[in-house]
Amino acid sequence: MDRVTVFTLGGTISARGGDASRMTGTEVLAGLGAGIAGGGLDVELRDFRRLPSSSLSFEDLAALADEVRETLATGSGVVVVQGTDTLEETAFLLDLLCETPRPIVVTGAMRRPDLPGADGPANLAAALAVAADPGCAGLGVLVVLADEIHAARLVRKTHTTSVTTFASPGAGPLGSVVEGEPRILLRPTGTSAIHPLRFDPAVRVALVTLSLGDRGELLEDLDTRFDGLVLAAFGAGHVPTWLVDPLERLAGRIPVVLASRTGAGATLTRTYRGPGSEHELLHRGLIPAGPLDPAKARLLLHTLLSTGAKSPTGYDRPGITAAFAHVTGAGLA
Ligand code: ASP
(Lines give C-alpha, C1' and ligand atoms only; values in the text may rest on other atoms or scores of the structure.)
Protein backbone atom coordinates (compact mmCIF):
# COMPACT_ATOMS: atom_id res chain seq x y z
CA MET A 1 0.00 0.00 0.00
CA ASP A 2 1.29 3.51 -0.78
CA ARG A 3 2.46 5.38 2.27
CA VAL A 4 2.12 9.14 2.77
CA THR A 5 3.30 10.96 5.88
CA VAL A 6 1.25 14.05 6.79
CA PHE A 7 2.95 16.81 8.77
CA THR A 8 0.39 19.14 10.34
CA LEU A 9 1.68 22.60 11.32
CA GLY A 10 -1.56 24.45 12.19
CA GLY A 11 -3.15 27.22 10.13
CA THR A 12 -6.72 27.87 9.05
CA ILE A 13 -7.42 24.23 8.28
CA SER A 14 -7.10 23.66 12.06
CA ALA A 15 -8.48 27.01 13.29
CA ARG A 16 -11.96 25.96 14.41
CA GLY A 17 -13.60 28.98 16.06
CA GLY A 18 -10.77 31.30 15.00
CA ASP A 19 -9.23 31.75 18.45
CA ALA A 20 -5.56 31.11 19.24
CA SER A 21 -5.95 27.36 19.68
CA ARG A 22 -5.42 24.96 16.77
CA MET A 23 -6.85 21.47 16.34
CA THR A 24 -4.60 18.44 16.69
CA GLY A 25 -3.28 16.69 13.62
CA THR A 26 -5.61 13.77 14.38
CA GLU A 27 -8.60 16.14 14.34
CA VAL A 28 -7.45 17.67 11.04
CA LEU A 29 -7.16 14.24 9.44
CA ALA A 30 -10.54 13.23 10.89
CA GLY A 31 -12.04 16.03 8.78
CA LEU A 32 -11.44 13.80 5.76
CA GLY A 33 -14.05 11.31 6.97
CA ALA A 34 -14.04 8.38 4.56
CA GLY A 35 -11.59 10.21 2.30
CA ILE A 36 -8.54 8.25 3.49
CA ALA A 37 -10.14 4.84 4.00
CA GLY A 38 -11.65 5.01 0.52
CA GLY A 39 -8.31 5.88 -1.03
CA GLY A 40 -6.50 2.73 0.19
CA LEU A 41 -3.59 4.80 1.49
CA ASP A 42 -1.39 4.14 4.48
CA VAL A 43 -1.38 7.59 6.11
CA GLU A 44 1.05 8.36 8.92
CA LEU A 45 0.61 11.51 10.98
CA ARG A 46 3.25 13.85 12.41
CA ASP A 47 1.52 16.43 14.59
CA PHE A 48 4.46 18.77 14.03
CA ARG A 49 3.33 22.26 15.16
CA ARG A 50 -0.01 23.95 15.95
CA LEU A 51 0.63 27.53 14.90
CA PRO A 52 -0.69 30.29 12.66
CA SER A 53 1.71 30.16 9.73
CA SER A 54 2.83 33.73 10.38
CA SER A 55 4.44 32.43 13.60
CA LEU A 56 6.45 29.60 12.05
CA SER A 57 10.14 30.28 12.71
CA PHE A 58 13.27 29.44 10.74
CA GLU A 59 14.03 26.87 13.45
CA ASP A 60 10.61 25.24 12.83
CA LEU A 61 11.28 25.08 9.10
CA ALA A 62 14.83 23.75 9.49
CA ALA A 63 13.45 20.97 11.74
CA LEU A 64 10.66 20.30 9.24
CA ALA A 65 13.11 19.97 6.34
CA ASP A 66 15.21 17.50 8.36
CA GLU A 67 12.17 15.35 9.19
CA VAL A 68 10.83 15.52 5.64
CA ARG A 69 14.21 14.33 4.29
CA GLU A 70 14.26 11.44 6.77
CA THR A 71 10.68 10.51 5.84
CA LEU A 72 11.42 10.53 2.10
CA ALA A 73 14.36 8.22 2.73
CA THR A 74 11.91 5.60 4.12
CA GLY A 75 10.04 5.60 0.80
CA SER A 76 7.03 7.61 1.98
CA GLY A 77 5.42 10.48 0.12
CA VAL A 78 4.96 13.69 2.15
CA VAL A 79 2.10 16.13 2.66
CA VAL A 80 2.74 19.29 4.69
CA VAL A 81 -0.41 21.00 5.99
CA GLN A 82 -0.06 24.57 7.18
CA GLY A 83 -1.58 28.04 7.08
CA THR A 84 -1.70 29.69 3.70
CA ASP A 85 -0.10 32.98 4.77
CA THR A 86 3.45 31.63 4.47
CA LEU A 87 2.69 28.42 2.59
CA GLU A 88 4.57 29.49 -0.53
CA GLU A 89 7.70 30.13 1.52
CA THR A 90 7.62 26.73 3.22
CA ALA A 91 7.05 25.04 -0.13
CA PHE A 92 9.94 26.86 -1.83
CA LEU A 93 12.29 26.25 1.09
CA LEU A 94 11.52 22.52 1.00
CA ASP A 95 12.10 22.68 -2.77
CA LEU A 96 15.58 24.05 -2.11
CA LEU A 97 16.44 21.67 0.71
CA CYS A 98 14.90 18.32 -0.25
CA GLU A 99 15.49 16.19 -3.31
CA THR A 100 12.24 14.45 -4.08
CA PRO A 101 12.28 10.76 -5.03
CA ARG A 102 8.63 10.79 -3.84
CA PRO A 103 6.33 13.81 -4.16
CA ILE A 104 6.31 16.49 -1.45
CA VAL A 105 3.01 18.37 -1.42
CA VAL A 106 2.09 21.43 0.65
CA THR A 107 -1.55 22.30 1.26
CA GLY A 108 -3.82 24.26 3.60
CA ALA A 109 -7.22 25.92 3.64
CA MET A 110 -8.73 29.34 3.20
CA ARG A 111 -11.95 28.71 5.15
CA ARG A 112 -12.02 27.61 8.77
CA PRO A 113 -13.38 24.10 9.39
CA ASP A 114 -16.46 25.50 11.20
CA LEU A 115 -17.49 27.80 8.32
CA PRO A 116 -19.77 26.94 5.38
CA GLY A 117 -17.80 25.69 2.39
CA ALA A 118 -14.69 24.81 4.39
CA ASP A 119 -12.07 23.79 1.83
CA GLY A 120 -9.60 21.99 4.11
CA PRO A 121 -10.81 18.39 3.66
CA ALA A 122 -11.01 18.70 -0.15
CA ASN A 123 -7.53 20.24 -0.31
CA LEU A 124 -6.10 17.56 1.98
CA ALA A 125 -7.71 14.76 -0.01
CA ALA A 126 -6.30 16.20 -3.27
CA ALA A 127 -2.86 16.65 -1.70
CA LEU A 128 -2.84 13.02 -0.54
CA ALA A 129 -3.77 11.84 -4.03
CA VAL A 130 -0.88 13.84 -5.53
CA ALA A 131 1.63 12.70 -2.87
CA ALA A 132 0.72 9.05 -3.47
CA ASP A 133 1.02 9.26 -7.26
CA PRO A 134 4.46 8.31 -8.68
CA GLY A 135 3.56 10.32 -11.79
CA CYS A 136 3.82 13.46 -9.64
CA ALA A 137 7.43 12.75 -8.62
CA GLY A 138 10.29 14.69 -10.21
CA LEU A 139 8.30 17.93 -10.41
CA GLY A 140 9.90 19.56 -7.38
CA VAL A 141 7.80 20.42 -4.36
CA LEU A 142 4.14 20.93 -5.24
CA VAL A 143 1.39 23.10 -3.80
CA VAL A 144 -2.13 21.70 -4.10
CA LEU A 145 -5.24 23.76 -3.31
CA ALA A 146 -8.59 24.14 -5.05
CA ASP A 147 -7.79 21.02 -7.11
CA GLU A 148 -4.85 22.82 -8.79
CA ILE A 149 -1.26 21.53 -8.74
CA HIS A 150 1.36 24.29 -8.66
CA ALA A 151 5.18 24.26 -8.68
CA ALA A 152 6.65 25.65 -5.44
CA ARG A 153 9.06 27.84 -7.37
CA LEU A 154 6.25 29.66 -9.19
CA VAL A 155 3.29 29.73 -6.83
CA ARG A 156 2.09 32.74 -4.83
CA LYS A 157 -0.82 33.61 -2.59
CA THR A 158 -2.61 36.30 -4.58
CA HIS A 159 -5.81 37.03 -2.64
CA THR A 160 -6.56 37.48 1.04
CA THR A 161 -9.70 35.32 1.16
CA SER A 162 -10.44 33.53 -2.12
CA VAL A 163 -10.24 29.72 -2.09
CA THR A 164 -8.46 30.02 -5.45
CA THR A 165 -5.88 32.37 -3.97
CA PHE A 166 -2.87 30.32 -5.18
CA ALA A 167 -1.66 31.12 -8.67
CA SER A 168 1.55 30.79 -10.65
CA PRO A 169 1.83 34.14 -12.45
CA GLY A 170 3.28 33.90 -15.93
CA ALA A 171 3.05 30.11 -16.02
CA GLY A 172 -0.13 28.67 -14.53
CA PRO A 173 -0.61 25.39 -12.68
CA LEU A 174 1.23 22.23 -13.71
CA GLY A 175 -1.99 20.26 -13.62
CA SER A 176 -5.12 19.56 -11.65
CA VAL A 177 -6.89 16.90 -9.63
CA VAL A 178 -9.96 15.53 -11.41
CA GLU A 179 -12.29 13.01 -9.76
CA GLY A 180 -9.58 12.47 -7.16
CA GLU A 181 -6.85 11.74 -9.72
CA PRO A 182 -3.87 13.97 -10.47
CA ARG A 183 -3.45 15.01 -14.09
CA ILE A 184 -0.13 16.63 -14.97
CA LEU A 185 -0.17 18.81 -18.08
CA LEU A 186 3.21 20.55 -17.86
CA ARG A 187 6.60 19.67 -16.37
CA PRO A 188 9.03 22.36 -15.13
CA THR A 189 12.42 22.65 -16.78
CA GLY A 190 15.20 21.71 -14.35
CA THR A 191 15.15 22.12 -10.62
CA SER A 192 15.01 25.17 -8.35
CA ALA A 193 18.43 24.54 -6.90
CA ILE A 194 21.62 22.62 -7.29
CA HIS A 195 21.50 20.31 -4.28
CA PRO A 196 22.51 19.85 -1.61
CA LEU A 197 21.78 23.16 0.11
CA ARG A 198 21.74 23.80 3.84
CA PHE A 199 19.61 26.14 5.93
CA ASP A 200 21.14 27.86 8.95
CA PRO A 201 18.47 29.72 10.97
CA ALA A 202 21.16 32.10 12.27
CA VAL A 203 21.76 33.63 8.81
CA ARG A 204 20.06 37.01 8.43
CA VAL A 205 18.80 38.21 5.05
CA ALA A 206 16.81 41.44 4.92
CA LEU A 207 14.00 42.13 2.48
CA VAL A 208 13.40 45.80 1.73
CA THR A 209 10.56 46.91 -0.55
CA LEU A 210 11.02 50.29 -2.21
CA SER A 211 8.19 52.78 -2.49
CA LEU A 212 7.91 56.17 -4.14
CA GLY A 213 10.18 58.80 -2.60
CA ASP A 214 12.19 56.25 -0.58
CA ARG A 215 15.21 58.03 0.93
CA GLY A 216 17.07 54.84 1.83
CA GLU A 217 16.89 55.07 5.64
CA LEU A 218 16.16 51.34 5.90
CA LEU A 219 19.23 50.56 3.80
CA GLU A 220 21.41 52.64 6.14
CA ASP A 221 20.05 50.70 9.12
CA LEU A 222 21.01 47.34 7.60
CA ASP A 223 24.67 48.00 8.26
CA THR A 224 26.35 45.07 10.00
CA ARG A 225 23.29 43.18 11.23
CA PHE A 226 22.52 41.31 8.00
CA ASP A 227 24.42 38.82 5.88
CA GLY A 228 22.51 39.68 2.70
CA LEU A 229 19.77 41.87 1.26
CA VAL A 230 16.97 41.32 -1.23
CA LEU A 231 15.70 44.57 -2.67
CA ALA A 232 12.12 44.50 -4.00
CA ALA A 233 12.70 47.29 -6.50
CA PHE A 234 10.38 49.07 -8.92
CA GLY A 235 9.30 47.50 -12.19
CA ALA A 236 11.89 45.32 -13.88
CA GLY A 237 14.58 46.29 -11.33
CA HIS A 238 14.79 50.07 -10.93
CA VAL A 239 15.65 52.33 -8.01
CA PRO A 240 15.81 56.12 -7.45
CA THR A 241 19.10 57.56 -8.71
CA TRP A 242 20.12 58.62 -5.21
CA LEU A 243 20.07 55.00 -3.94
CA VAL A 244 22.60 53.68 -6.47
CA ASP A 245 25.72 54.68 -4.49
CA PRO A 246 24.42 53.35 -1.14
CA LEU A 247 23.43 50.09 -2.84
CA GLU A 248 26.85 49.74 -4.46
CA ARG A 249 28.49 50.28 -1.07
CA LEU A 250 26.28 47.59 0.47
CA ALA A 251 26.97 45.19 -2.41
CA GLY A 252 30.68 45.61 -1.69
CA ARG A 253 30.12 44.03 1.71
CA ILE A 254 27.11 41.70 1.46
CA PRO A 255 25.20 40.14 -1.45
CA VAL A 256 22.41 42.43 -2.67
CA VAL A 257 19.82 40.71 -4.87
CA LEU A 258 17.73 42.84 -7.19
CA ALA A 259 14.11 41.60 -7.34
CA SER A 260 10.87 43.21 -8.45
CA ARG A 261 7.98 44.30 -6.28
CA THR A 262 5.49 43.84 -9.15
CA GLY A 263 4.45 40.26 -8.38
CA ALA A 264 5.14 38.67 -11.77
CA GLY A 265 7.78 38.57 -14.48
CA ALA A 266 11.58 38.54 -14.39
CA THR A 267 13.99 41.36 -13.62
CA LEU A 268 15.65 42.72 -16.77
CA THR A 269 19.39 43.08 -17.39
CA ARG A 270 19.95 45.48 -20.31
CA THR A 271 16.79 47.19 -21.49
CA TYR A 272 17.24 50.37 -19.39
CA ARG A 273 20.76 51.79 -19.02
CA GLY A 274 20.44 55.15 -17.31
CA PRO A 275 21.04 56.04 -13.63
CA GLY A 276 19.03 53.74 -11.34
CA SER A 277 18.39 51.26 -14.16
CA GLU A 278 18.80 47.51 -13.90
CA HIS A 279 21.85 47.66 -16.19
CA GLU A 280 23.63 50.15 -13.95
CA LEU A 281 22.73 48.29 -10.74
CA LEU A 282 24.03 44.98 -12.04
CA HIS A 283 27.28 46.70 -13.07
CA ARG A 284 27.56 48.16 -9.58
CA GLY A 285 27.52 44.64 -8.08
CA LEU A 286 23.88 43.74 -7.52
CA ILE A 287 22.72 40.21 -8.41
CA PRO A 288 19.57 39.69 -10.52
CA ALA A 289 16.75 37.67 -8.94
CA GLY A 290 15.43 36.83 -12.40
CA PRO A 291 11.91 35.41 -12.11
CA LEU A 292 12.03 34.78 -8.35
CA ASP A 293 9.70 36.96 -6.32
CA PRO A 294 11.33 38.78 -3.40
CA ALA A 295 10.27 36.31 -0.67
CA LYS A 296 11.60 33.35 -2.64
CA ALA A 297 14.79 35.23 -3.59
CA ARG A 298 15.35 35.85 0.12
CA LEU A 299 15.10 32.11 0.87
CA LEU A 300 17.42 31.14 -1.97
CA LEU A 301 20.01 33.70 -0.81
CA HIS A 302 19.56 32.45 2.78
CA THR A 303 20.26 28.84 1.80
CA LEU A 304 23.26 29.84 -0.34
CA LEU A 305 24.76 31.82 2.53
CA SER A 306 24.06 28.86 4.85
CA THR A 307 25.89 26.56 2.44
CA GLY A 308 29.14 28.49 2.44
CA ALA A 309 28.66 31.34 -0.01
CA LYS A 310 29.99 33.73 2.64
CA SER A 311 33.31 34.02 4.38
CA PRO A 312 34.87 36.49 6.82
CA THR A 313 36.52 38.15 3.83
CA GLY A 314 33.45 38.57 1.68
CA TYR A 315 31.00 36.52 -0.30
CA ASP A 316 30.96 34.38 -3.41
CA ARG A 317 29.27 36.72 -5.89
CA PRO A 318 29.84 34.49 -8.96
CA GLY A 319 28.49 31.45 -7.11
CA ILE A 320 25.38 33.29 -5.91
CA THR A 321 24.82 34.80 -9.37
CA ALA A 322 25.09 31.32 -10.94
CA ALA A 323 22.60 29.86 -8.43
CA PHE A 324 20.04 32.56 -9.29
CA ALA A 325 20.71 32.02 -13.00
CA HIS A 326 20.06 28.30 -12.49
CA VAL A 327 16.51 29.08 -11.34
CA THR A 328 16.04 31.19 -14.44
CA GLY A 329 17.17 28.25 -16.54
CA ALA A 330 20.27 30.09 -17.82
CA GLY A 331 22.66 28.30 -15.47
CA LEU A 332 21.55 24.72 -15.97
CA ALA A 333 24.60 22.50 -16.25
N1 ASP B 1 -4.20 32.09 7.33
C2 ASP B 1 -3.61 31.96 8.65
C3 ASP B 1 -2.36 31.06 8.55
O4 ASP B 1 -1.69 31.20 7.56
C5 ASP B 1 -4.59 31.51 9.59
C6 ASP B 1 -4.15 31.23 10.98
O7 ASP B 1 -3.81 32.19 11.70
O8 ASP B 1 -4.20 30.08 11.37
O9 ASP B 1 -2.02 30.31 9.40
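The values are calculated or read from the model by the stated rules, or taken from the named source; none is laboratory data. Since we're looking at a predicted model, the values are computed, not measured. No Cβ is skipped: glycine too gets one built from the backbone with ideal geometry, and neighbour counts run over all protein chains shown. What goes into the accessible areas is simple: the full protein's heavy atoms, side chains included, and nothing from ligands, DNA or RNA. Shrake-Rupley method; radii C 1.70, N 1.55, O 1.52, S 1.80 Å.
Ellipsoid fit via the Cα gyration tensor, region 151-205: semi-axes of 26, 18, 11 Å, each the root of five times an eigenvalue, largest first. Average accessible surface for region 229-333: 41 Å² per residue, computed with a 1.4 Å probe over protein heavy atoms with every protein chain in place. Of the accessible area of the chain, computed with a 1.4 Å probe over protein heavy atoms only, carbon and sulfur atoms account for 53 percent. Rounded to the nearest 0.05, the FRET efficiency derived from the C-beta distance between Thr262 and Thr328 at R0 = 22 Å is 0.85.
The residue list Gly319, Pro240, Thr26 was ranked by how far each Cα lies along the charge dipole of the chain toward its positive end, using unit charges on Cβ atoms, and Pro240 comes out on top.
When ligands, DNA and RNA are left out and all protein chains stay put, how many square angstrom of accessible area per residue does region 140-181 have with a 1.4 Å probe?
41
Extension gain, Ala62 to Arg112: 0.36 nm times the residue separation minus the Cα-Cα distance gives 15.3 nm. With all protein chains in place and ligands, DNA and RNA left out, the 1.4 Å accessible area ranks Lys296, Lys157, Lys310 as Lys310, Lys157, Lys296, largest first.
A full extension of the chain between His195 and Thr24 corresponds to an added length of 58.2 nm, given 0.36 nm per residue minus the alpha carbon distance. Across the chain, Cα pairs under 8 Å and at least six residues apart give a relative contact order of 13 percent.
Screening the chain for whole DSSP H helices of 20 Å or more along their axis (Cα) with average Kyte-Doolittle hydropathy at least -1.0 returns 58-73.
Percent of C-alpha pairs per 10 Å bin in the chain, short distances first: 6, 27, 32, 22, 11, 3, 0.
Overall, the anisotropy analysis places region 70-215 in the oblate class: the square-rooted eigenvalues a ≥ b ≥ c of its C-alpha gyration tensor yield a/c not less than 1.5, with a/b not exceeding b/c.
With the convex hull drawn over the C-alpha atoms of region 139-238, the volume per residue is 167 Å³.
Among Leu212, Leu97, Leu247, whose mean-square fluctuation peaks in a Gaussian network model of the chain (Cα, cutoff 10 Å)? Per the Cα network of the chain with a 10 Å cutoff, Leu212 tops the list. Our estimate of slack between Thr164 and Arg270, defined as 0.36 nm per intervening residue step minus the Cα-Cα distance, is 34.6 nm. Region 84-98 and region 287-306 have Cα centres separated by 13 Å.
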